[in-house]
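To start, the structure itself, in structure tokens.
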Amino acid sequence: MLELAAVTAGYERGRPVVRDADLTVRPGESVGLLGPSGCGKSTLARVAALLHRPDAGTVTLDGTRVRGWRHRAPRAQRTAIGVVFQQPRLSADPRLRLRDLIAEPLRANGRRDEAASRVAELSDTVGLGDDLLGRRPHEVSDGQLQRACLARALVLKPRWLVCDEMTAMLDASTTAALVAVVEDYRSAHHAGLLTVGHDRVLLERWCDRTVRWDEITAGAAAAGGAATPAGDAAPVVVPG
Ligand SMILES: Nc1ncnc2c1ncn2[C@@H]1O[C@H](COP(=O)(O)OP(=O)(O)OP(=O)(O)O)[C@@H](O)[C@H]1O
């Protein structure tokens, strides 16, 4: 179980952007979190992915309370979660060729010997040919780079996936392809998914359950949030 209880988080002391958020994802379950732009979805997703320490509240992962975030999180907890962000260029080291980018978590965890086989397997899964694996991020499209970032998120076979607007920059066919990769992975590994976004049509078709930001939090985001209503984006067709 991935459980967030009474989570308050933000960037400045005394000015939380997430207030008292409660959210639970069960093993194997996919939960879509819908909210308007700027409400704090990415911040909460980063807390759930152990990348941003909350100011208050608890995160519990598979029954163990999380006490450290980022590099302070125990390896067993860090590696249990795969994360995909909205903007692949901000989350990819520009110096790495795609094959090394995909293998990065293996190297970081002392499992370099698995890199060749896992990269071959995953590049096939996400639809990246050999020619692309030898290129650096500036030599591929956003969609191709996001495919590599998704492969990187899966390389350690996480039990949980957190997708923060993973498809926001992608066209409809790439969106459908990446959602299908996530869904195949989830059914093969019984992995739980938290995916955040503002496209109601996409999340309702993709997920077992969708929750609205105002249903899981106690208050509005910091000033400047809530500019657009949820679900106003152009619909994206997801097969199935
Ligand atoms: N690193 C940061 N430092 C300071 N403020 C930040 C930072 N990141 C986000 N914020 C602020 O926190 C609030 C919530 O941002 P967040 O990115 O979590 O919202 P969001 O719901 O994911 O938005 P979007 O759908 O537009 O990506 C916004 O007001 C934003 O300006």
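The values are calculated or read from the model by the stated rules, or taken from the named source; none is laboratory data. These numbers were taken from a predicted model, which means no experiment stands behind them. We place every Cβ from the backbone using ideal geometry, glycine too, and count neighbours over all the protein chains shown. Ligands, DNA and RNA are stripped out before the accessible areas are found, and what is left, the full protein with its side chains, is counted by its heavy atoms. Shrake-Rupley method; radii C 1.70, N 1.55, O 1.52, S 1.80 Å.
List of remarks:
- Taken over the range 197-221, residues that are open to solvent by less than 20 Å² (accessible area, probe 1.4 Å), in a strand (DSSP E or B) and over 14 Å from A21 (Cα atoms) amount to 1.
- The residue that is nearest to the ligand (Cβ to nearest atom), among those in the range 59-70 that are in a loop (DSSP other than H, G, I, E, B) and either surrounded by fewer than 17 Cβ atoms within 10 Å (Cβ to Cβ) or among the hydroxyl-bearing types (S, T, Y) (or both), is G68.
- Among residues of the range 82-117, those that are at negative phi, open to solvent by 20 Å² or more (accessible area, probe 1.4 Å) and not polar (S, T, N, Q), counted: 20
- Test result for L178, hydrophobic (A, V, I, L, M, F, W, C) and either exposed (fewer than 15 other Cβ atoms within 10 Å of the Cβ) or assigned by TED's automatic domain parsing to the domain that holds L33 (or both): yes
- Here the condition is being small (G, A, S) and within 13 Å of the ligand (Cβ to nearest atom); of A49, A56, it holds for A49 alone.
- Hey, A73 open to solvent by less than 10 Å² (accessible area, probe 1.4 Å) and closer than 20 Å to E165 by Cα or not: no
- Selection of the range 162-175 for residues being crowded, with 23+ Cβ neighbours inside 10 Å and of a type outside the set (A, V, I, L, M, F, W, C) yields D164, T167.
- Considering residues of the range 1-51 that are within 12 Å of V211 (Cβ to Cβ) and free of Cβ contacts under 8 Å to residues at least 60 places away in the same chain only, the residue least open to solvent (accessible area, probe 1.4 Å): L4
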